Each structure stands twice: as structure tokens, then as C-alpha cells.
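Asker: I'd like to ask you about the structure that follows.
The values are calculated or read from the model by the stated rules, or taken from the named source; none is laboratory data. Given the structure is predicted, the values throughout are model-derived calculations rather than measurements. Cβ atoms come from the backbone with ideal geometry, glycine included; neighbour counts cover every protein chain shown. To get the accessible areas, we keep the full protein, side chains included, count just its heavy atoms, and leave off ligands, DNA and RNA. Shrake-Rupley method; radii C 1.70, N 1.55, O 1.52, S 1.80 Å.
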Amino acid sequence: MIIRSIFQLDRGQKESRVLRILLLSAVALLIVAAIAVKWAPTHAATTPGPYAIGLWGDLPYSDQQANVGVPNLIADMNSQKLIFTVHDGDLKAGSTECTDAVYLRAIGYFNSLKGAAMFTPGDNDWTDCDRTAGYNSLAQLDKERKLFFSTQFSLGQKPMKQEVQSSPLCLGVSGPVPCAENRRWTFRGVTYATLNVQGSCNNLCDTNPDPNEYAARNAADIAWLQDTFTEANTLNSAAIMFIAQADPGWDLTDGTRAPTRNPMTLAETDGAPDGFQELLVALRDQVVAFKKPVAWVHGDSHYFRTDKPLLDSLGRRLENFTRVETFGDNAFKNNPEWDDNNVHWLKVLVDARTREVFAYQPQIVPGNRVAVPAP
């Protein structure tokens with residue numbers, strides 16, 4: 001009918017009518033495209049199927065790593081179609097100043113990543129800042145919350161919306177504030193969460209320990225952990241992955257890299273202040289009840305590994321729990337040109353339809369090989 005009516009009009013009317021039809025068609029196509037773009041991420045997040053993520057942290061600690069190693073690492077991650085990446089804290093060496101440039105450099109790194117980019121703070125970023133005169137650890141954490149966690153979205157070139165913890169409250173310089181750094185998101189049947197858990201005894205030792213800050217944040221972390229299991233159960237998630245900074249120690253075998261701990265009571269045995277037992281006990285209880293795979297990702301002790309160090313109170317290994325430690329700094333004071341020696345990352349293949357859900361592939365960045373150069 002439209003075509004017939006067009007031919008009944010004179011040429012000018014015909015051209016005008018055709019133009020209007022073409023414009024309406026173009027608008028309709030734009031609306032369809034806009035709807036597709038708006039809904040594609042939501043659909044992709046719930047559609048079953050395999051995907052890959054990247055884990056890294058404890059970088060950079062030197063100029064060599066900042067200027068060469070980390071850019072090489074980011075380029076390598078960007079070449080591998082990762083849905084998102086997570087940096088598990090420590091944006092610099094603990095003995096260096098907590099300047100604004102450190103945080104701004106990190107934002108530049110994260111926003112150069114092609115997918116979503118997540119981050120959880122490290123002790124070098126804030127708790128250890130008071131090693132240097134003129135810095136206050138809570139002021140630095142306030143700054144990180146403002147710079148990295150001011151919205152519900154991650155960083156990266158394809159930001160992902162996240163749930164943000166609002167209670168219980170943590171502490172800032174001026175008093176109680178939301179723990180905005182604790183985040184959670186679920187993608188294709190797997191739930192992820194970050195927790196602000198720190199080295200240096202979780203802020204109970206080192207320079208200017210702060211028991212009040214620890215108590216508030218520890219309560220918030222435990223609540224966030226428990227809420228994450230509740231949400232994963234509600235969503236029927238196939239697995240959970242937590243990402244934090246600290247290596248809390250898990251047993252009696254690893255005193256060179258972490259606190260020694262009674263594996264059945266999870267109490268620290270070395271006499272140092274124990275900033276982790278309560279959290280670990282809560283984690284273990286939830287892991288047993290959840291039954292499905294749980295991964296705990298951390299940095300802190302700079303030694304890549306995946307293992308199963310968590311036992312139940314009877315001394316039996318929890319088969320569904322995996323500790324994952326990312327690569328980290330290995331700076332050489334006398335040979336700084338070697339500093340890229342451990343600047344690598346971990347690729348995780350994720351498929352909620354598989355029994356173990358997570359498969360781990362360490363990625364040795366070719367441009368960062370030092371001891372044995374790439375062929």
C-alpha cells in the first residue's frame with residue numbers, strides 16, 4: 001500500500017515521502033541497535049559458557065617495572081580477550097612514599113586494560129604509608145576510596161557494574177565510612193568478591209598499628225564474606241572467587257612467606273598479633289557449607305602457587321577450597337635491569353558447567369623474561 005500510494009504522487013511528493021520512510025527506518029534501526037547494546041552485557045553475564053580472566057598484583061615496585069615490565073604485562077593481557085582483570089593490591093614498594101602520582105599511575109594502568117579492571121587495596125598502598133613522615137594510613141585509604149571506588153563501576157575500558165558494601169561501616173580519618181572498596185559481581189554463574197584484608201598483620205602491627213580501624217574493617221569483611229556466600233546460594237552460583245591482598249598463613253609449613261598457623265584451630269603460632277583468625281574461621285565454616293568450589297586469591301608474599309592448604313577442625317583437607325597466589329615483585333637492588341624477572345600474571349579459564357569451574361594458566365610475559373630470555 002505504501003508503494004502504490006507513492007507512485008500516485010508527483011515527483012516532489014514522492015521524493016519527500018521516500019525520504020521520510022528512509023529516515024523512519026534509520027531511526028528504527030538505531031533504536032534496535034541501542035536496545036541491543038544496552039542489554040548485551042546483561043545477557044552475556046548470564047549466558048553459560050567459558051571465558052577468561054586475569055589476576056595480578058604486587059606491582060610495580062621499581063621504575064623498571066613501572067616503565068617496562070607492567071606495560072609489557074598489560075599488553076599481554078590485552079592480547080588475550082579477558083572479560084576482566086583483578087589487581088590484588090600493592091601498587092608500589094612498601095618503603096616508598098604514598099604520593100598521588102602512585103595512585104594516578106595505577107588508574108592509568110587499569111584504564112588501559114580492554115576489559116573491566118578491578119582492584120583491591122594493598123598494605124603498601126595505605127596501612128604502611130605511615131612508615132614515612134607526613135603520611136597517615138587512614139588518610140591514604142580515604143584517598144583510595146575516592147579515586148578508585150567512588151562509583152558502582154569498575155575501572156577499565158569496559159567497566160562492569162558491581163555491588164558495593166554499605167554496612168557495617170569501616171573507619172576513615174573523620175570517623176565511620178562505607179567500605180566502598182569491598183565489591184561483588186556475578187558473571188556467567190560464578191560470583192566474585194573483593195575484601196580489604198591486609199598484610200602487616202591486617203593493621204595490627206608494623207608502624208602505628210590501629211586496632212580500632214582493624215576491628216571495624218574486620219567485622220565488615222566477615223559480613224561481606226558471609227553475604228557473598230548467601231548471594232551465591234541464592235543465585236545458585238557454581239563457584240565463588242574471593243580476592244584480597246594479605247597472605248594470612250594457613251598451616252605450619254610456610255613460615256618463610258606467611259605467619260605459621262595451627263591448621264585445625266587457625267590460630268597464629270608465632271606470637272605476632274593475629275589479624276586473620278576470626279576471618280579464616282568464618283571462611284572455613286562457609287566453605288564447608290557451600291560445598292562447591294571456592295578460590296581465595298591473594299598476593300603479599302610474591303610467590304605464584306595454587307594449592308589446598310585449608311583443613312577442617314578435624315585436620316581433613318577441604319577438597320573444594322583452593323588458595324591462589326599471584327606473581328609479584330622480585331626487585332634486584334644491585335641489578336635493576338633484572339626487575340622484570342617476576343612481572344607476570346595468571347590467566348584463569350572459567351566455565352560454570354565444569355566440575356572444578358576454574359582452571360589456572362600462569363602467563364610468563366615474553367618481554368619480561370630475564371633469567372631465560374624468550375626464544
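Asker: Using 17 Å as the cut-off for backbone N distance, which residues of region 92-119 belong to the label zone defined by a point 7 Å from the Cα of Lys333 along Cα→Cβ?
Answerer: Counting backbone N atoms under 17 Å from the label point, the list is 93-97.
Asker: Quick check: pseudo-label points 7 Å beyond the Cα along Cα→Cβ at Thr47 and Arg305, how many nm apart are they?
Answerer: About 4.0 nm separates the two model spin labels.
Asker: Subtract the Cα-Cα distance of Gln226 and Ala371 from 0.36 nm times their separation in residues, and report this length gain in nm to one decimal.
Answerer: Full extension of this stretch gives 47.9 nm more.
Asker: Could I ask something else about it? In deg cm²/dmol, rounded to 500, what helix-only [θ] at 222 nm does the chain give when every DSSP H run of at least 4 residues adds -39500 (n - 2.57) and the total is split over its residues?
Answerer: Working: 8 runs with 119 residues, N = 375.
Calculated at 222 nm, the ellipticity per residue is -10500 deg cm²/dmol.
Asker: Let me test this: with uniform point scatterers at the alpha carbons of region 192-283, what is the Debye-based log₁₀ I(q)/I(0) at q = 0.14, 0.23 1/Å?
Answerer: So the normalised log intensities are -0.53, -1.19.
Asker: Separation between the Lys158 and Leu349 pseudo-spin-labels, each 7 Å from Cα along Cα→Cβ, expressed in nm?
Answerer: 1.9
Asker: The chain: D in µm²/s via Stokes-Einstein (Kirkwood Rh, Cα pairs, 20 °C, 1.002 mPa s)? Show your work: numbers first, answer last.
Answerer: Working: Rh = 22.3 Å.
Approximately 96 µm²/s, per Stokes-Einstein.
Asker: Over the chain, give the accessible area per residue in Å² for a 1.4 Å probe, as an integer. Before the final figure, lay out each step's value.
Answerer: Details: 17210 Å² over 375 residues.
On a per-residue basis, the chain sits at 46 Å².
Asker: So what are the radius of gyration and Dmax for the Cα set of region 88-197, in Å?
Answerer: When restricted to the Cα atoms of region 88-197, Rg and Dmax are 14.0, 47 Å.
Asker: Along region 203-215, what does the Karplus equation 6.51 cos²θ - 1.76 cosθ + 1.60 (θ = phi - 60°) give for ³J(HN,Hα), rounded to whole Hz, x for Gly and Pro?
Answerer: 6, 9, 8, 6, 6, 6, x, 9, x, 5, 5, 4, 4
Asker: Are any of the pairs Lys92/Lys161; Lys114/Lys161; Lys114/Lys146 more than 20 Å apart by Cα-Cα distance, and if so, which?
Answerer: Working: Lys92/Lys161 27 Å; Lys114/Lys161 16 Å; Lys114/Lys146 23 Å.
From Lys92/Lys161; Lys114/Lys161; Lys114/Lys146, over 20 Å: Lys92/Lys161; Lys114/Lys146.
Asker: For region 193-350, what mean projected area does the convex hull of the alpha carbons give, in nm²?
Answerer: Numbers: hull surface 41.6 nm².
It is 10.4 nm².
Asker: Pulled fully out, how much extra length does the chain show between Ala267 and Val288, if you take 0.36 nm times their separation in residues and subtract their Cα-Cα distance? All intermediate terms of the calculation are to be shown ahead of the outcome.
Answerer: Working: separation 21, 0.36 × 21 = 7.56 nm, distance 1.85 nm.
Once the chain is fully extended between Ala267 and Val288, it gains 5.7 nm.
Asker: Here's a follow-up. Charges at C-beta only: +1 for Lys and Arg, -1 for Asp and Glu. How large is the resulting dipole of the chain about its Cα centre, in Debye rounded to 20?
Answerer: Details: 35 positive and 42 negative charges, 523 e Å.
Value, rounded to 20: 2520 debye.
Asker: Would you pull out the residues with amide H under 5 Å of Trp345's amide H, same chain only if 5 or more places away, H placed 1.01 Å from N?
Answerer: Gln363, Val365
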